[in-house]
1. Can you tell me which residue is most open to solvent (accessible area, probe 1.4 Å) among those in the range 109-122 that are among the hydrophobic types (A, V, I, L, M, F, W, C) and either over 21 Å from M52 (Cβ atoms) or at pLDDT 70 or above (or both)?
2. If I filter the range 88-108 for residues that are modelled with pLDDT of 70 or more, of a type in the set (S, T, N, Q) and either in contact with a Pro (Cβ under 8 Å, 6 or more places away or on another chain) or not in a helix (DSSP H, G or I) (or both), do I get at least one hit?
3. I need the full set of residues from the range 124-139 which are under 11 Å from R100 (Cα atoms) and either among the basic types (K, R) or surrounded by 18 or more Cβ atoms within 10 Å (Cβ to Cβ) (or both), in order please.
Amino acid sequence: MQWEATAFGRPVLAIVLIASLAFFPVLLLPSGPCMWLAGMIFGYGLGFVIIMVGTTIGMVLPYLIGLLFRDKIHQWLQRWPDKAAVLRLAAEGSWFHQFRVVALFRISPFPYTIFKSSMKFWPYLWGSVAGMVPEAYLYIYTQVR
């Protein structure tokens, strides 16, 4: 983190942080240190924007990758119908129902990545963004105080 903070200028560092926040979830790496760095260097306002842009891209990429493997995921889930019932229930219902499910799972510590297999894109995106706001704020608040 210290190398990142000193090796780049502020505009380049912002781009590096956005890229890190976008690609770390795809690689299943924690993005918390990047969020802390954004808070420490850029403060509340710009740090929050950097975190939200990066994490939004980081939420869209796995969704698009999940679209490529949707049939394989559904075949895999047929082996465990009881566990797959939760996924089917989350993906059913109106736009607002799907939005609430995604937002609640983003806030909770439950692993939510598999829910992308059946969700529609827009409720997934907006629910993810709404659910990430508290986490982004906490990461920034713990570093900027």
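1. W122
2. Scanning the range 88-108 turns up at least one residue that is modelled with pLDDT of 70 or more, of a type in the set (S, T, N, Q) and either in contact with a Pro (Cβ under 8 Å, 6 or more places away or on another chain) or not in a helix (DSSP H, G or I) (or both).
3. Within the range 124-139, Y124, G127, S128, G131 qualify.
The values are calculated or read from the model by the stated rules, or taken from the named source; none is laboratory data. All values reported here derive from a predicted model rather than from experimental measurement. Virtual Cβ from ideal backbone geometry, glycine too; neighbours counted across all protein chains shown. The accessibility values were calculated without ligands, DNA or RNA, using every heavy atom of the protein model including side chains. Shrake-Rupley method; radii C 1.70, N 1.55, O 1.52, S 1.80 Å.
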